[in-house]
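S.K.: Below you will find the structure I want to go over with you.
The values are calculated or read from the model by the stated rules, or taken from the named source; none is laboratory data. Predicted model only: the values in this text are computed from it and were never measured. Cβ sites come from the backbone with ideal geometry, for glycine too, and all protein chains shown count toward neighbours. Just so you know, the surface numbers come from the protein's heavy atoms only, side chains and all, with ligands and any DNA or RNA stripped out. Shrake-Rupley method; radii C 1.70, N 1.55, O 1.52, S 1.80 Å.
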Amino acid sequence: MKNSSKNNSEEILFFDREISLLQFNERVLEQARDTSLPPLERLKFLCICSSNMDEFFEIRVGSLKQKALLNLAPRTTLKGIREHTAKLVKNQYDIFNTELLPALAKHNIDFVPPKKWTAKQETWLKDYFENHVLPVLSPIALDPAHPMPRLINKSLNFLVELSGKDAFGRESQLAIVHAPRALPRMIELPKKNKEHYHFVFLSDIIKNFSQKLFPGLDIKGCYQFRITRNSDLLLEQEEMKDLATTVISKLQALRYGNAVRLEIINDCPQKWVDYLLSKHGLTDKELYVTDGPVNLSRYLELYDLIDRPDLKYPPFIPASRAPTLSDIKKQDLLLHHPYETFSAIPHLIQEATRDPNVIAIKQTLYRTGHDSAVARVLIDAARAGKEVTAVIELRARFDEESNVQLANKLQEAGVLVVYGVVGFKTHAKLLLIIRQEDGELKRYCHLGTGNYHAKTAKLYTDYGLLTADPVIGLDVQNVFQQLTGTGKTLKLKKLLQAPFNLYDKLVELIDREIYFARHKHKAHIKIKINALTDRKIIQHLYEASQEGVKIDLIVRGMCCLKPGIKNLSENITVRSIIGRFLEHERVFYFHNSGKKEIYCSSADLMERNLYYRIEVCFPILDKALAERVEQESLTDFLSDDIIRWELDAEGQYHLIHKSHKVAVQDKLLEQYHDLETKS
């Protein structure tokens with residue numbers, strides 16, 4: 001009975017978590033439907049949803065299917081996923097075909113189908129195919145000597161139905177054509193005028209000129225399809241004698257992992273659909289028939305191809321901040337990206353490189369890019385003779401290969417590179433600069449909620465605290481010591497660290513609010529995070545609600561807590577904000593009977609963050625900075641006059657806005673623009 005109860009509990013957890021993630025993708029997709037947004041921004045949201053769905057199948061569904069084979073995961077969850085994903089995929093293509101393409105056409109951005117090609121256009125496209133597409137294609141006939149090839153994960157492919165005999169007298173029936181990823185998925189036709197754009201899908205070009213791939217044979221059909229494979233990178237501890245080598249070998253294998261999804265164009269005959277399913281070990285439960293291109297996320301390329309500022313969000317220039325070590329020594333500073341420029345971080349490392357009194361620089365790198373500004377200044381620092389240590393997390397999902405390249409490049413420059421702790425991803429965002437001052441060592445720190453990645457710092461909101469607080473500095477040093485060395489857990493005085501004391505301290509802070517509520521004091525918790533799935537934290541929040549603690553949650557993505565349930569969570573509200581920027585900072589507020597405490601963190605409230613990753617949560621000790629964080633990440637986002645999604649007691653989200661529709665991100669952009677103008 002105990003095992004049965006445990007399995008039921010696991011089933012509920014799996015179901016709630018996966019369905020909640022799909023609900024987030026549904027909210028992202030609704031942004032693509034919002035006619036008040038510029039058309040190219042709507043397209044971007046559609047592509048984000050498509051990309052998220054790819055990752056969902058590669059990781060979440062791939063992992064669940066593997067567990068189902070071992071009777072460790074509930075098959076009912078996979079069934080529930082199927083019902084939600086089928087509806088979501090249909091909505092994607094409905095929006096793409098009936099809303100986005102017409103909206104773009106109104107602004108002279110047309111996707112021209114083959115039946116509407118002019119003779120001049122067809123001649124140009126034929127030339128393009130022969131000179132730019134045909135040379136890189138390798139059609140594969142399917143026969144006893146050429147069985148179904150092992151197709152690369154998420155690659156664009158075509159199943160071609162043939163008839164006739166080839167040069168060797170063989171009867172031909174089927175062939176596979178793989179479209180290399182180097183080929184653009186949209187080809188722009190020559191302009192008649194600079195204001196009018198005409199595009200053709202690569203899939204239409206290949207289909208229309210497929211005869212040239214099979215000279216002398218009859219083409220009876222050409223059908224685009226795509227296979228998604230399990231891409232969950234699982235490493236056994238005994239495999240990790242050389243982590244970098246193991247990661248590289250696993251990545252190669254993942255390109256051809258077990259199939260979890262078949263996407264195929266809707267004009268493909270059923271017999272060939274069944275053929276592809278059987279060849280990849282799939283059933284119709286893993287089949288998704290598309291009413292358009294099989295990979296919508298690739299159409300994000302259009303955003304950069306079209307020079308039409310009027311069809312995008314108004315451009316903005318981040319407030320420029322270039323704090324120096326001297327500035328940080330005087331007082332704590334706070335950076336709020338993307339409203340403030342991320343370049344402050346590489347500039348700070350550059351200053352440390354030039355400073356003869358700086359002895360050492362230590363930094364964690366999760367997603368950075370092997371040729372980023374941060375990587376370049378760390379290399380410069382090492383070449384300048386500084387002691388530079390980089391803790392690189394090789395297992396950052398989908399950035400593994402880039403991180404291996406980064407590690408190699410840093411090592412070649414003389415940087416001491418370590419890969420953290422086996423079994424625990426290093427997700428903390430830390431920079432430590434150690435400087436000799438008056439015969440003593442002074443520590444300067446940057447602690448962040450987001451990655452040291454200049455590109456994502458323009459798209460995601462995050463905080464970075466710059467401080468010379470000696471206690472925090474020693475705490476950061478101790479975290480690095482744990483990451484690079486070995487020994488017992490070092491006690492931290494001001495920082496909270498997963499997997500050691502972050503969970504326990506959060507529970508303690510929740511319990512303190514419960515204490516105040518019981519004694520008739522004001523008790524209030526406000527949290528802004530990306531995901532809330534940990535059952536133990538959810539249970540503590542339920543208990544706090546039952547005791548009268550007011551709890552306001554801003555959860556962008558997954559949320560397994562249900563608010564508004566009488567006698568359980570009636571004092572809890574949950575809202576999700578999805579707008580111009582992807583809200584990424586994690587902020588925890590505890591009223592503490594008027595002595596407010598505010599923390600920022602690299603961790604969400606998920607099992608993986610609290611127990612299986614190395615995370616750091618840091619207090620905002622400066623009163624003015626704490627008020628900024630509270631206002632900009634909590635108060636502004638909890639206002640009644642902003643656009644938001646609200647979660648109800650049934651687990652459903654509802655879009656709420658006043659008639660004037662205030663976007664909180666626009667409000668913050670105005671504030672920082674005014675600040676920049678005044679400065």
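S.K.: Considering the range 399-416 alone, what residues qualify as being buried (at least 19 other Cβ atoms within 10 Å of the Cβ) and under 15 Å from V374 (Cα atoms)?
M.R.: Selection gives N403, L406, A407, L410, V415.
S.K.: Let me ask something additional. Pick from the range 489-531 the residues that are more than 19 Å from T573 (Cα to Cα), part of a loop (DSSP other than H, G, I, E, B) and among the basic types (K, R): which of them is modelled with the lowest pLDDT?
M.R.: Applying the filter and picking the extreme gives K491.
S.K.: Can you work out which of the residues in the range 534-557 that are in contact with a strand residue (DSSP E or B) (Cβ under 7 Å, 6 or more places away or on another chain) and farther than 18 Å from K505 by Cβ is most open to solvent (accessible area, probe 1.4 Å)?
M.R.: That would be K550.
S.K.: Restricting attention to strands (runs of 3 or more DSSP E) lying wholly within the range 404-450, give those where 1 or more residues are within 18 Å of F342 (Cβ to Cβ). Can you show your working first?
M.R.: Numbers: elements: 416-418, 429-437, 440-448.
The qualifying strands (runs of 3 or more DSSP E) are 429-437, 440-448.
S.K.: Report the residue count in the range 468-488 for those that are touching a Lys or Arg at 6+ places or on another chain (Cβ under 8 Å) and assigned to a loop (DSSP other than H, G, I, E, B).
M.R.: 2
S.K.: Further question: Kindly check whether there is at least one residue in the range 561-574 that is closer than 27 Å to K44 by Cα and either open to solvent by 10 Å² or more (accessible area, probe 1.4 Å) or part of a loop (DSSP other than H, G, I, E, B) (or both). It would help to see each step written out before you state the result.
M.R.: Initial filter on the range 561-574 (closer than 27 Å to K44 by Cα): 574.
From the residues that got through so far, the ones that are either open to solvent by 10 Å² or more (accessible area, probe 1.4 Å) or part of a loop (DSSP other than H, G, I, E, B) (or both) too are none.
No: zero hits.
S.K.: Residues K491, K442, K455: which one is in contact with a Lys or Arg (Cβ under 8 Å, 6 or more places away or on another chain) and more than 28 Å from L638 (Cβ to Cβ)? Walk me through it before giving the result.
M.R.: Numbers: K491 fails: in contact with a Lys or Arg (Cβ under 8 Å, 6 or more places away or on another chain); K455 fails: in contact with a Lys or Arg (Cβ under 8 Å, 6 or more places away or on another chain).
Residue meeting the stated conditions: K442.
S.K.: Looking only at the range 293-326, which residues are among the acidic types (D, E) and without any contact (Cβ under 8 Å) to a residue 60 or more places away in the chain? Reasoning before the result, please.
M.R.: Of the residues in the range 293-326, the ones among the acidic types (D, E) are 301, 304, 307, 310.
Within the range 293-326, D304, D307 qualify.
For (1) modelled with pLDDT under 80; (2) in contact with a helix residue (DSSP H, G or I) (Cβ under 7 Å, 6 or more places away or on another chain), each residue gets a yes or a no:
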site: Q631; (1), (2): no, no
site: L634; (1), (2): no, no
site: L638; (1), (2): no, no
site: S659; (1), (2): yes, no
site: V664; (1), (2): yes, yes
site: Y672; (1), (2): yes, no
site: L675; (1), (2): yes, no
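S.K.: Residues of the range 438-471 being of a type in the set (V, I, T) and open to solvent by less than 10 Å² (accessible area, probe 1.4 Å), which ones?
M.R.: Step one: of the range 438-471, the residues of a type in the set (V, I, T) are 449, 456, 461, 467, 471.
Result: T449, T461, T467.
S.K.: Sticking with this one: What pairs come out if I take residues in the range 94-118 that are more than 15 Å from K44 (Cα to Cα) and pair them with residues that are in a helix (DSSP H, G or I) and open to solvent by 50 Å² or more (accessible area, probe 1.4 Å) whose C-beta lies under 6 Å away, six or more apart or interchain?
M.R.: P114/N208
S.K.: Could you please give the count of residues in the range 407-456 that are of a type in the set (G, A, S) and in contact with a Ser or Thr (Cβ under 8 Å, 6 or more places away or on another chain)?
M.R.: First, the residues of the range 407-456 that are of a type in the set (G, A, S): 407, 413-414, 420, 423, 428, 439, 448, 450, 454.
Filter once more, keeping what is in contact with a Ser or Thr (Cβ under 8 Å, 6 or more places away or on another chain): 420, 428, 448, 450, 454.
Adding up the residues that qualify gives 5.
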